[in-house]
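Have a look at the structure below before the remarks.
The values are calculated or read from the model by the stated rules, or taken from the named source; none is laboratory data. These numbers come from a predicted model, not from an experiment. Using ideal geometry, Cβ is built from the backbone for each residue, glycine included, and neighbour counts are taken over all protein chains shown.
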């Protein structure tokens, strides 16, 4: 008999969300750590390997966006099914999820072939050494996609049972192995930039193996490569909930590329400062998305039980937890941004711009919890379109036009200012959506 996991429909809300959210935030932190660790080691190889890695990163982002959409759609569907007491439906969704994830990334796997990835990268730069390095990195990177997708699907299954601790442990183990293997494969084995992506591949294999064995040991629903006639209807359900999530993630590189283009007109110091500031910001903000992900199964489960009082209380509790985390970060960035940026030993010009960008970004943090709670609430209520709408609002409708206007008013610093202003607008819009969804949820 399958274990039932956490009963998210009974008991005090705060301990439940803390038990769900804390490990989920740690998992998200370690998920972002893969790229940072690889960058640190690859930077020691020189300009071409680092540039090659940058060329390949958009492919990784596309794969992760597609897999994350499947994972979120699976999590929301399974949580609602379990809350409704339909455990057979939840099991069928778990089995159907991975074939859909694999199918969504299948074409990207072809980029492991030099005959296909080399022409792609030549569209950006035709230097032979750069193309060779990019191919070496991409080969192992692309082969990691099936394991990334499998890990995310397993994580969604665990989350639907209220278990966020096991995925956290798996992600930590995979990252630690990646950290150990990076210098060995890159330098000792002489694999160069390809060693970085191979180390990541092995780390993802370990994480997915740990999760698979844990699902089997705990006798929980497990993903499968097999599919049946029912799988198609489940794919439709998962894709309906997950597609807006994938699209909202894919908007991010479009907005980032536009801002980098505008900053380039102000000089390389502004571009470098922005990238440095954004990297530090991601290490603080992205773990908060773990809290949003933890809210999804809680909302979905109580939607199945039609416990609307607990849905409302869960949103209030998650919002409180978000501010407990974000307020100290805002204060620290405002008063200590210069000291923090100095740790990376940039030039004096980059230090000046990056410290300002990080300081002003901290003001936007004050509005982020509203957006995060809205994302978890909307996805838990099976209304993922709001996630896409908010991302479009913040990144395309507000940030890019404001960056153009502020660039003319205040130069490169004006582009930095557009960042927190866009968070303020999306935060206020998210607050209104939260109120609307809480009222509407009682009619679902």
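Is it the case that some residue within the range 195-207 is surrounded by 15 or more Cβ atoms within 10 Å (Cβ to Cβ), farther than 30 Å from residue 164 by Cβ and under 22 Å from the mean Cα position of the chain (by Cα)?
Taking the range 195-207 and keeping what is surrounded by 15 or more Cβ atoms within 10 Å (Cβ to Cβ), we get 195-207.
Cutting the leftovers down to farther than 30 Å from residue 164 by Cβ gives us 195.
Filter once more, so that each one left must be under 22 Å from the mean Cα position of the chain (by Cα): none.
No, because not a single residue in the range 195-207 is surrounded by 15 or more Cβ atoms within 10 Å (Cβ to Cβ), farther than 30 Å from residue 164 by Cβ and under 22 Å from the mean Cα position of the chain (by Cα).
Considering only the range 149-160, I want to know if a residue exists there that is closer than 29 Å to residue 299 by Cβ, assigned to a helix (DSSP H, G or I) and free of Cβ contacts under 8 Å to residues at least 24 places away in the same chain.
Taking the range 149-160 as the starting set, the residues that turn out to be closer than 29 Å to residue 299 by Cβ are 149-160.
When the remaining residues are screened for being assigned to a helix (DSSP H, G or I), the result is 149-160.
Then drop every residue that is not free of Cβ contacts under 8 Å to residues at least 24 places away in the same chain, which leaves none.
Checking the range 149-160: not a single residue is closer than 29 Å to residue 299 by Cβ, assigned to a helix (DSSP H, G or I) and free of Cβ contacts under 8 Å to residues at least 24 places away in the same chain.
Being more than 18 Å from the chain's Cα centre (by Cα), assigned to a helix (DSSP H, G or I), in contact (Cβ under 8 Å) with a residue 60 or more places away in the chain and surrounded by fewer than 23 Cβ atoms within 10 Å (Cβ to Cβ) holds for only one residue in 186, 179, and it is 179.
Please go through the range 252-271 and give me each residue that is more than 17 Å from residue 418 (Cα to Cα) and in a helix (DSSP H, G or I), ordered by number. Even if it seems obvious, please write down each step before you answer.
Just the residues of the range 252-271 that are more than 17 Å from residue 418 (Cα to Cα), to begin with: 267-269.
Listed by number, the residues that qualify are 268, 269.
Within the range 33-43, the set of residues being touching a helix residue (DSSP H, G or I) at 6+ places or on another chain (Cβ under 8 Å) and either free of Cβ contacts under 8 Å to residues at least 60 places away in the same chain or surrounded by 17 or more Cβ atoms within 10 Å (Cβ to Cβ) (or both) comprises 33, 34, 35, 37, 38, 39, 41, 42, 43.
Total residues in the range 296-310 satisfying the condition of being in contact (Cβ under 8 Å) with a residue 24 or more places away in the chain and outside any helix (DSSP H, G or I): the figure is 1.
If you go through the range 406-418 one residue at a time, how many are part of a helix (DSSP H, G or I) and in contact (Cβ under 8 Å) with a residue 12 or more places away in the chain? Before the answer, list the steps.
Applying the first criterion (part of a helix (DSSP H, G or I)) to the range 406-418 yields 406-410, 412-418.
Within this subset, residues satisfying the condition of being in contact (Cβ under 8 Å) with a residue 12 or more places away in the chain are 406-407, 412-413, 415-418.
Looking only at that region, the number is 8.
If you go through the range 428-439 and keep only what is surrounded by fewer than 20 Cβ atoms within 10 Å (Cβ to Cβ) and in contact (Cβ under 8 Å) with a residue 24 or more places away in the chain, you end up with 428, 431, 438.
From the list 343, 358, which one is assigned by TED's automatic domain parsing to the domain that holds residue 263 and surrounded by fewer than 18 Cβ atoms within 10 Å (Cβ to Cβ)? Criteria check complete, one pass: 343. Of the candidates 220, 225, the single residue that is under 30 Å from residue 77 (Cα atoms) and surrounded by fewer than 14 Cβ atoms within 10 Å (Cβ to Cβ) is 225. Among the residues of the range 114-147, just one is at pLDDT 95 or above and not in a helix (DSSP H, G or I), namely 144.
Evaluated against (1) surrounded by fewer than 22 Cβ atoms within 10 Å (Cβ to Cβ); (2) within 22 Å of the chain's Cα centre (by Cα); (3) modelled with pLDDT under 95; (4) over 23 Å from residue 284 (Cα atoms), residue 395 falls short on exactly one condition, (4).
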